[in-house]
Amino acid sequence: MRFLGIGDYCDLSSLYLRLLADGHRVKIYIAKPLCRDTLAGMVTHVADWRDELAWLREAGDEGIALFENAAEQRGALQDQLRREGYHVVGGSAYGDRLENDRAFAQAVLGKTGLSICPVHEFSARQRAIDFLHEHPGRYVLKFNGPMESFVGRLEDGRDVCAFLAGLPPASGERESFILMQYVHGIEMGVGAYFDGEKFLKPSCLDWEHKRFFPGDLGELTGEMGTVVTYDRTGRFHDLTLGRMESLLREGGYCGYINLNTIVNEQGIWPLEFTCRFGYPGYAILDPLQETRWSDLFYSMVTRSAASFRARSGFSVGIVMTTPPFPYARPDVREPAGLPVLFDESLTENDRRHLHYGEVGIRDGQLVTSGAYGWTMVVTGVGATIESARDRANSLADSVIIPNARYRRDIGNRLIGGDFARVEAMGLLADR
């Protein structure tokens, strides 16, 4: 088969390498010049993805474009390519709006019958500050865009006010952000593959760890690690993401989609969509998916299957980062090109649990690359969260990278009682 990856940063590095290892032809387009050293010497890079469309079309149903993100009007572009007869896995314009317009997404979710946290939309910081003075409470601040979210801790909202007031002046573009009432509970996501008509079974459940430091301290990163499973997911899917099926069908969506929520004894509170391949989520799902990526994508674009094969148990993923993470080059001057080495005792199976991110080959040596320091994901699988975590931690010890930083506590809160609490809520069942 032929695959053309299209994105800004090469978010799907390990997926491209898996496709290559399975004997398929892969080309990638990386829009950001700073990131074009990622997978250098490992995968064929192209200067303009449009020049490769004829190469894709020659393969018929076995030629597939993989879009990585939900920015730069990529969803509308995918819709257009599908109208022109190309096979595309990624998202759609509707998916882009669900992810990037948080107030719109909350309104959509409310219409499906889900409980919605009170959400207030703003385009001016001072109006949000005035609102907080008039309606004190604990809030979460989320921007519709790349700016950092802030989770308030004070019940009167003074910390959110101070955060807003302390931000640098806005650029010329109109700002858009929301204040969402804070809800106590357990953060829990549900994700599934959608083929344009229906969800493929099974869906997955995930528990992300977004803070930089153990104990959920430090900056909110994209993600430092996650626990995922395909077991007993049907009931939660039906209560949440499954309600979106007809809307996604109408919106021409084809790709992976995730809905993050807060769950407590009072209900399920949806937070936000990820309408694309989640990083590092796709890499953490990889060890649990018996169906190969190529077969999965083929079944999605041809709508030829209702399910795929998944292993039981849990996968725990650890994100191994290097400077400037959690910031970015060139804002922070940190060198790329750090050597990436491995313990010689690693087996072939161990290496299948090393999912490369921002790395490339330079002078025959695997080195760090890219803009962010998302160097790789290490996974461990097991019948329990604890055994999967321990395997992931053990494997991470066999990776040697100067100044590597990662968390060793992924899954600890679930092991310590959160998973049992979710079970007691009756949310884990096949249907």
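The values are calculated or read from the model by the stated rules, or taken from the named source; none is laboratory data. The structure displayed is predicted, hence computed values, not measured ones. Here the Cβ is made from the backbone with ideal geometry for all residues, glycine too, and neighbour counts use every protein chain on show. Please note that ligands, DNA and RNA were not included when accessible areas were found on the heavy atoms of the full protein model with its side chains. Shrake-Rupley method; radii C 1.70, N 1.55, O 1.52, S 1.80 Å.
So for the range 323-346 (the condition being crowded, with 22+ Cβ neighbours inside 10 Å, assigned to a loop (DSSP other than H, G, I, E, B) and of a type outside the set (A, V, I, L, M)), does at least one residue qualify? Yes - at least one qualifying residue is present in the range 323-346.
Scanning for something of a type outside the set (S, T, N, Q), open to solvent by 60 Å² or more (accessible area, probe 1.4 Å), at pLDDT below 95 and under 18 Å from the mean Cα position of the chain (by Cα), does the range 130-146 turn up at least one residue? Yes, the range 130-146 contains a residue that is of a type outside the set (S, T, N, Q), open to solvent by 60 Å² or more (accessible area, probe 1.4 Å), at pLDDT below 95 and under 18 Å from the mean Cα position of the chain (by Cα).
All conditions in (1) on the phi > 0 side of the Ramachandran plot; (2) surrounded by fewer than 17 Cβ atoms within 10 Å (Cβ to Cβ); (3) touching a residue at least 60 places away in the same chain (Cβ under 8 Å) hold for residue 417, with the sole exception of (3). Would you confirm whether or not the range 382-396 contains a residue that is in contact (Cβ under 8 Å) with a residue 60 or more places away in the chain and assigned to a strand (DSSP E or B)? Yes, the range 382-396 contains at least one residue that is in contact (Cβ under 8 Å) with a residue 60 or more places away in the chain and assigned to a strand (DSSP E or B).
Residue 351 - would you say it is of a type in the set (Lys, Arg) and either more than 26 Å from residue 190 (Cβ to Cβ) or open to solvent by less than 20 Å² (accessible area, probe 1.4 Å) (or both)? Criteria met by residue 351.
Just one of (1) open to solvent by less than 70 Å² (accessible area, probe 1.4 Å); (2) closer than 30 Å to residue 337 by Cβ fails for residue 387. It is (2).
Among the residues of the range 300-318, the ones that are open to solvent by 10 Å² or more (accessible area, probe 1.4 Å) and either outside any strand (DSSP E or B) or in contact with a Gly (Cβ under 8 Å, 6 or more places away or on another chain) (or both) come to 11 in all.
Of all residues in the range 397-413, those being basic (Lys, Arg), part of a loop (DSSP other than H, G, I, E, B) and open to solvent by 50 Å² or more (accessible area, probe 1.4 Å) number 1.
Here is a yes/no grid of residues against (1) among the aliphatic types (A, V, I, L, M); (2) at pLDDT below 95; (3) within 18 Å of the chain's Cα centre (by Cα):
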| site | (1), (2), (3) |
| --- | --- |
| 343 | no, no, no |
| 346 | yes, no, no |
| 356 | no, no, yes |
| 363 | no, no, no |
| 378 | yes, no, yes |
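For the range 420-431, a residue qualifies if it is closer than 15 Å to residue 234 by Cα and either open to solvent by 60 Å² or more (accessible area, probe 1.4 Å) or assigned to a helix (DSSP H, G or I) (or both), and the qualifying residues are 422, 423, 430, 431. Annotation note: of 23, 91, 60, the sole residue that is over 30 Å from residue 367 (Cβ atoms) and out of contact with any Phe, Trp or Tyr (no Cβ under 8 Å at 6 or more places or on another chain) is 60. Among residues of the range 9-24 that are free of Cβ contacts under 8 Å to residues at least 24 places away in the same chain, those with a Cβ under 6 angstrom from a residue that is open to solvent by less than 40 Å² (accessible area, probe 1.4 Å), sequence gap 6+ or separate chain, pair up as 20/26.
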